[in-house]
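Down below is the structure, laid out as C-alpha cells.
The values are calculated or read from the model by the stated rules, or taken from the named source; none is laboratory data. This structure is a prediction, so every number in the text was calculated from the model and none was measured. We place every Cβ from the backbone using ideal geometry, glycine too, and count neighbours over all the protein chains shown.
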C-alpha cells in the first residue's frame, strides 16, 4: 500500500503533487456538477487560477525566478547600504554565489514551484475526468489541457535550469516512493516533448491583447518562445555533468563546446527535426508569422497601457483595477526621497552593476565639491529609458539628498560608485554617507503611475517574453550555425529600432552585451545567458577576489568546476526523501 501525502505544506516540501486540489479555489463552494457544466466554468475552475500562481513567481520577494536569474548574474545587485539591505548577507551572498542547501530563498523557490506543479497535476486529472464524461467538446478540453501542460512545462523548464537533477511528477496521486530524481537531460527531454506536443493544440491568438479571451494566456507564440528559450540552453541542459569545467573560463574557452553540443541536440516540432540552434531560428520565424514584430518605440513596451503591444509575447498582467497585483521588485530600487517626490514609497535598493554600466558605455564625471557641475552621459537611448541616473528631479522639483544639506543637498545617482556593500570605516564622512545612499543608477524601465492605489501596484504589464529577445536568441543561434551575416542583420534590426549605430561586424560577445542593453530587468534570462557563454563563474568589475561585502556575507571564491551553475537541492527536501541526492559540489 502506497504512503500518500495530503497536506499541502508537506506536499511542497516533498514535491509530491498529491493533495492540492481545485477544492481550494473560491468556486469550490459550487456543486461540482454546476462548477463544470460549461466550457467557461471548466476554464475558470481548472485553468484560470493557475495563471495567478504562475504570475506570483515573477514578482515579490527573494524567492522568485526574476531574483534568481537577475540578482545572481552580472547586471543588478542589492547593495547593503550599511544596514538597509544587509538582511543577514543574503543579497550579497546571492550576488557572490555563496548560497548553500539551507538558503531560505532557494528552499522557497523549490517548494513554491512544486506546490504550483501540484495544482497543475490536479487540474489535468480533473480535465481528464471531464473529457471521459463526454459532457463537453473534446477539442475544447484538449485545448485547456494544453494550456495547463504549458504552464507546468514553464515551471519544469526553470527547475531544470536552476536545479539540474529534479523529480518529474505528473500525477496528483504520487507517493513518496514513486518520486525519483531525473537526470538533467531527462528533465530537459520532458520539457521539450511537452512543449512540442502542445503547440498544435494551442490557439493562434495574441496573448498580449487585452481584448482577447487569450490575454496573458498560453498561445502558440508563447509556446514557441518557451521552446526557443529551452533550445538556446539545450547545450547546457543536455549535460548531466556540469561541474567538469565545461562552462567556466570565459567565452573563448566555452563557445566551441556549447556550439557543438547544440548542433548535436535534436528537436522535432511540427514534424520538422532540427538541431537546437536551428530550432531557435525556426521558433523566431514562427512567432513572426503569428503577427509579432518590434514595436516602433522601445519605450512603449513598458509604458502604462501596454496591454496591446505587438512586441510583447507573454506578460504578467498589471492593472490596478482589473488585474490588481503587488510587485515589490520595481519599487525596491529608488531612493526614498525620489520615490516620495513621484508619489510612491520605496526601499532604496536595487542598482545596476558597474559591469552593466560599462556595457552601455555610460560615462560620468563627478565633481565632489559641486555635484550640479558633474556630467552624466550615455549615447544609447535604452539607458535613459531603463534607468534613473544623475540628478533627480520630478516635474521640476529637485529631490533632496537627505544626507548633508550644506555639502550635498541634491539627490544624485552616482553609477560608478555602486558597491555590493560599503564599509562603515571607509564611508563615514559626509561624502561616504552620500555614496552609501545614492550610489548606483536605479530601475526606471517600467513606467511609474502615481494614480495607482498603492506603492507596489502598476498599470504596465510586466514582460516575460518579447519579440526583441527572440531576435537576439535567433542571432546567437545563427552565429553558432556559422551564419554571421544573418546574425549581424538580426542584431542590427534591434539596434536600428532605438537609433543607435548599426554594427559592421559581430562577435558572439557583441550578442551577449546587446542582450544587456536591450533586456536588462525584464526577461529573466541573464543567468542562463552567462552560464551558456561561460561567464557566470568568472570575476568581473563587481565580483572578484577580495571584493568588500557585509561582514555577515561570505567572500567571493572562484568556482573553476562550474558546480555553482546550478543551485543546491534544499536540505529539507533531501531529509524527507531518500530517493534524492545532492547536486555535486554541495
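Highlighted here are the strands (runs of 3 or more DSSP E) found entirely within the stretch 237-328 that include at least 3 residues which are more than 28 Å from residue 461 (Cα to Cα): 266-269, 272-275. There is no residue in the stretch 236-251 that is under 30 Å from residue 561 (Cα atoms), surrounded by fewer than 24 Cβ atoms within 10 Å (Cβ to Cβ) and in contact with a strand residue (DSSP E or B) (Cβ under 8 Å, 6 or more places away or on another chain). Here residue 208 clears all of (1) at pLDDT 95 or above; (2) under 30 Å from residue 310 (Cβ atoms); (3) within 22 Å of the chain's Cα centre (by Cα) except the condition numbered (1).
Just one of the listed residues (66, 111, 55, 45) is touching a strand residue (DSSP E or B) at 6+ places or on another chain (Cβ under 6 Å) and either over 30 Å from residue 434 (Cβ atoms) or part of a helix (DSSP H, G or I) (or both), and it is 55.
May I ask you to verify whether residue 231 is touching a strand residue (DSSP E or B) at 6+ places or on another chain (Cβ under 7 Å) and either in a helix (DSSP H, G or I) or surrounded by fewer than 24 Cβ atoms within 10 Å (Cβ to Cβ) (or both)?
Answer is yes for this residue.
The residue that is nearest to residue 71 (Cα to Cα), counting only those in the stretch 534-547 that are exposed (fewer than 15 other Cβ atoms within 10 Å of the Cβ) and over 23 Å from the mean Cα position of the chain (by Cα), is 544. Within the stretch 298-309, the set of residues being out of contact with any helix residue (DSSP H, G or I) (no Cβ under 6 Å at 6 or more places or on another chain), touching a residue at least 12 places away in the same chain (Cβ under 8 Å) and closer than 14 Å to residue 447 by Cα comprises 301, 302, 303, 304, 305, 306, 307.
Here residue 177 fulfils each of the conditions (1) part of a loop (DSSP other than H, G, I, E, B); (2) at pLDDT below 95 apart from (1).
Among the residues that make up the stretch 562-571, is at least one of them part of a loop (DSSP other than H, G, I, E, B), out of contact with any strand residue (DSSP E or B) (no Cβ under 6 Å at 6 or more places or on another chain), surrounded by fewer than 16 Cβ atoms within 10 Å (Cβ to Cβ) and in contact (Cβ under 8 Å) with a residue 60 or more places away in the chain?
Initially, the stretch 562-571 is screened for residues part of a loop (DSSP other than H, G, I, E, B), giving 562, 566-570.
Narrowing further to those that are out of contact with any strand residue (DSSP E or B) (no Cβ under 6 Å at 6 or more places or on another chain): 562, 566-570.
Imposing the further condition that a residue be surrounded by fewer than 16 Cβ atoms within 10 Å (Cβ to Cβ) reduces the set to none.
Scanning the stretch 562-571, I find no residue that is part of a loop (DSSP other than H, G, I, E, B), out of contact with any strand residue (DSSP E or B) (no Cβ under 6 Å at 6 or more places or on another chain), surrounded by fewer than 16 Cβ atoms within 10 Å (Cβ to Cβ) and in contact (Cβ under 8 Å) with a residue 60 or more places away in the chain, so the answer is no.
Note on the stretch 437-482: residues that are farther than 30 Å from residue 422 by Cα and assigned to a strand (DSSP E or B) amount to 5. Between 268, 341, 279, 259, the distinction of being touching a helix residue (DSSP H, G or I) at 6+ places or on another chain (Cβ under 6 Å), in contact (Cβ under 8 Å) with a residue 24 or more places away in the chain and surrounded by fewer than 21 Cβ atoms within 10 Å (Cβ to Cβ) belongs to 259 only. When 184, 152, 192 are screened for being touching a strand residue (DSSP E or B) at 6+ places or on another chain (Cβ under 8 Å) and buried (at least 21 other Cβ atoms within 10 Å of the Cβ), only 192 passes. So, residue 406, is that one surrounded by fewer than 16 Cβ atoms within 10 Å (Cβ to Cβ), without any contact (Cβ under 8 Å) to a residue 24 or more places away in the chain and within 26 Å of the chain's Cα centre (by Cα) or not? Against the criterion (surrounded by fewer than 16 Cβ atoms within 10 Å (Cβ to Cβ), without any contact (Cβ under 8 Å) to a residue 24 or more places away in the chain and within 26 Å of the chain's Cα centre (by Cα)), residue 406 does not qualify.
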